[in-house]
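The values are calculated or read from the model by the stated rules, or taken from the named source; none is laboratory data. The structure displayed is predicted, hence computed values, not measured ones. Cβ placement follows ideal geometry from the backbone for every residue including glycine, while neighbour counts extend to all protein chains displayed. Accessible surface is based on the protein model in full, side chains and every heavy atom, while ligands, DNA and RNA are left aside. Shrake-Rupley method; radii C 1.70, N 1.55, O 1.52, S 1.80 Å.
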Amino acid sequence: YVDGTIEVIHADEDFLVKEHPVVMSNVYGSETIDGRKNQDGWCTAEFNTTSWENASIVTKEKEPTGRMIDQIQPPVKVIYSYTGAYLHDVQDKAIYDFTQNMSGILEFEVKGKVGDAIHLYPAEKLTKNGDVDQMAKGWVNLDSCITYIIGQDDVWETCRMKFTYFAGRYVAVEKPENCEMRNLTAHAISSAYETDGTFTCDDKRYEQIYSLVEKAVEANMVSVHTDCPTIERFAWQEPNHLMAPSIMYMKNGRKLWEKFLLDMRTAQHTAQDYFYDFEGNRVYPGDGLMPSQCPCYIPNVLPVPGMGSFYDIIGWGSTCILGTYWHYMFYGDKKIIEDNYDAGMRYLEHLKTKVTEEGFINHGLGDWGNPKNELARENIETAFLYADAVTLAKFAEILEKLEDKKKLEAYAELVKKNYNEKLLVWNAEKGYWCYRAWDHADELFMTQAVEALPLYWGLVPEDKEADVVKAFRDTLETEGAFVSGEIGLPYVIQTARKYQMNDLICQFILRKEHPSYYAFVLDGETTLGEYWESNPRSHCHDMMGHIVEWYYNGIAGIQAEEPGFRKIKICPYLPESMHEFKCIYRSVAGEISVQVKEEQDGMVLQVKVPKGVEYQIDTTNLENSRGVVTEKIKVEVD
């Protein structure tokens, strides 16, 4: 209370209970609500509780063994509401369109006869005949249904989902003829409801792409970062470092990432942990292993022949290190390193047990999602081994663990030396040094990710860097598109930005055919698809939304040079088809905004930086993209 006194209200056998109207609730979006069990006014002091029973005390044998802690992540909130627009009838079902794919809560009013049931079937897409299509391409029939059983005769009743959420854009309504329904509404929900960044411009294609990613992020942030709202709703961990900068520019991810990383520390294996394989044998994953899903609901995600491990994957487990790094860079709080350092060190020790005789990590999924299935496991996964080691060395320096720092740097150097000895080769046909994919033993095979990752992480010897940049550009120009999966894509985009290939990024994301972000827009999608294809298995995945990071640090050019954006560089770029843009990022140091407008006599650059933030403005990219020198620069320090 205000005076500092505390009163604890706790449950005991004097508490009263009654069966809830929600008689079935399923984590995948189905819910049955029985209106006959409604207890109107149950939460008021005047309510008559004579028909209610006393609560039962849980016995010691049934008490939960987990440790209860306060919730640290943001709550799930309604962020937008959409009215269902009637489209047509198909086989006695009325089809409604909310115009936006989402994670949401359905609400509607209904009137009919006691005991009549109304069924609603949500979906991301429609069949050719206009019915809702719950079949996830080549995977599974989702079979999600929200049911309401009418509780009173001929009285308007309100039904609203309570304990789960649906996923999709469309709903098919199936009801008795004498039943009426009105005010069908979908409330989009998300834990990522605090917006830290916005981007607007005069080329609406860029805004449409941005919206695809942002809406997919919102739909997949529901206390855990799901891979999709429809099929799995699992907390696969790889986007929590690969997508971290894109999301953290758009949304306040501070508490969300603290929770994600806590989930990882909780799920990290000890030497004694085991699960059972399909034959009933015990499997000991090993001390320090980070499951690919945290929390992990199905612990026996065993290797699939020819595909690699789906449980122990360096690109996923590395979130405990690289996700920590991105949190520190965006929010500047050393505590995130203190909380996760030991877990990261244990994970690195686990990874060392997985290194092959050739000095590689190669048992995971490589460049997962690559449209040509060019996974290049040894190249990709070993680059992450190096990244983990050098990042931990930075953490050790910050925490003043100097002995750890020396050992980590020495190990990273060993990984780097072996990497370059075995993978960095002379391309006689092209006349430059490049990296070859180890899994193509009989040819010099290159991919965009194979060249980008060593450039991004500093694996390339200084005297070979210019050559590898040429090789990387060749892989982009040869394909004329981003041919990369979710693992390589952020590094491909950011490496292209770093080495002045913004023009290629613009060309690739605006392509009308897949692989392309704009192709999803032309397909009629309102969220990002899972893979580079029309009608993907999931129509709401944020895992390849890395392009948004480039909107902020490439187009707007807002780049943090010190953690927490205490020191920044502003290096904007204006795409050829764009004549003005405005970008705002509300950092922990204050609001940063960059606005560029092309005028007849040159370009106007307006920058706003927070007071106390050290900044540098670099107009090189603007001059290169337009061939004119920007003379009108206005800087506001607030």
Residue pairs meeting the criteria (Cβ under 8 Å; at least 6 apart or on separate chains; first of a type in the set (A, V, I, L, M, F, W, C), in the range 25-39; second open to solvent by 60 Å² or more (accessible area, probe 1.4 Å)): I33/V23; I33/K162
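Each row is one residue, and each column tells you yes or no for (1) over 30 Å from K259 (Cβ atoms); (2) open to solvent by less than 70 Å² (accessible area, probe 1.4 Å).
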{"position": "R36", "(1), (2)": "yes, no"}
{"position": "C43", "(1), (2)": "no, no"}
{"position": "N48", "(1), (2)": "yes, no"}
{"position": "E53", "(1), (2)": "yes, no"}
{"position": "T59", "(1), (2)": "yes, yes"}
{"position": "K62", "(1), (2)": "no, no"}
Which condition number in (1) more than 23 Å from L424 (Cα to Cα); (2) surrounded by fewer than 17 Cβ atoms within 10 Å (Cβ to Cβ); (3) touching a residue at least 60 places away in the same chain (Cβ under 8 Å); (4) not hydrophobic (A, V, I, L, M, F, W, C) is the one that E397 fails? (3)
Take the conditions modelled with pLDDT of 95 or more, touching a Leu at 6+ places or on another chain (Cβ under 7 Å) and of a type in the set (K, R) and apply them to K416. Does it pass? yes
Selection count, the range 85-112, where residues are of a type outside the set (A, V, I, L, M), touching a residue at least 40 places away in the same chain (Cβ under 8 Å) and farther than 15 Å from C159 by Cα: 11
Taking the range 552-577 only, how many residues are outside any helix (DSSP H, G or I) and either crowded, with 20+ Cβ neighbours inside 10 Å or in contact with a helix residue (DSSP H, G or I) (Cβ under 7 Å, 6 or more places away or on another chain) (or both)? 13
Residues in the range 467-513 that are under 14 Å from V450 (Cβ atoms) and among the aliphatic types (A, V, I, L, M) total 8
Of the residues E207, E218, E214, E177, which single one is in a loop (DSSP other than H, G, I, E, B) and either at pLDDT below 95 or among the charged types (D, E, K, R) (or both)? E177
Would you point out the residue of the range 234-251, among those that are touching a helix residue (DSSP H, G or I) at 6+ places or on another chain (Cβ under 9 Å) and outside any helix (DSSP H, G or I), that is surrounded by the most Cβ atoms within 10 Å (Cβ to Cβ)? Q237
Could you give every pair whose Cβ atoms fall below 7 Å, whose first residue belongs to the range 454-478 and is within 15 Å of V425 (Cβ to Cβ) and touching a residue at least 40 places away in the same chain (Cβ under 8 Å), and whose second residue is in a helix (DSSP H, G or I) and open to solvent by 40 Å² or more (accessible area, probe 1.4 Å), counting only separations of at least 6 or pairs across chains? L459/K416
Of the conditions (1) over 31 Å from the mean Cα position of the chain (by Cα); (2) open to solvent by less than 50 Å² (accessible area, probe 1.4 Å); (3) of a type in the set (S, T, N, Q), T158 clears all except one; give me its number. (2)
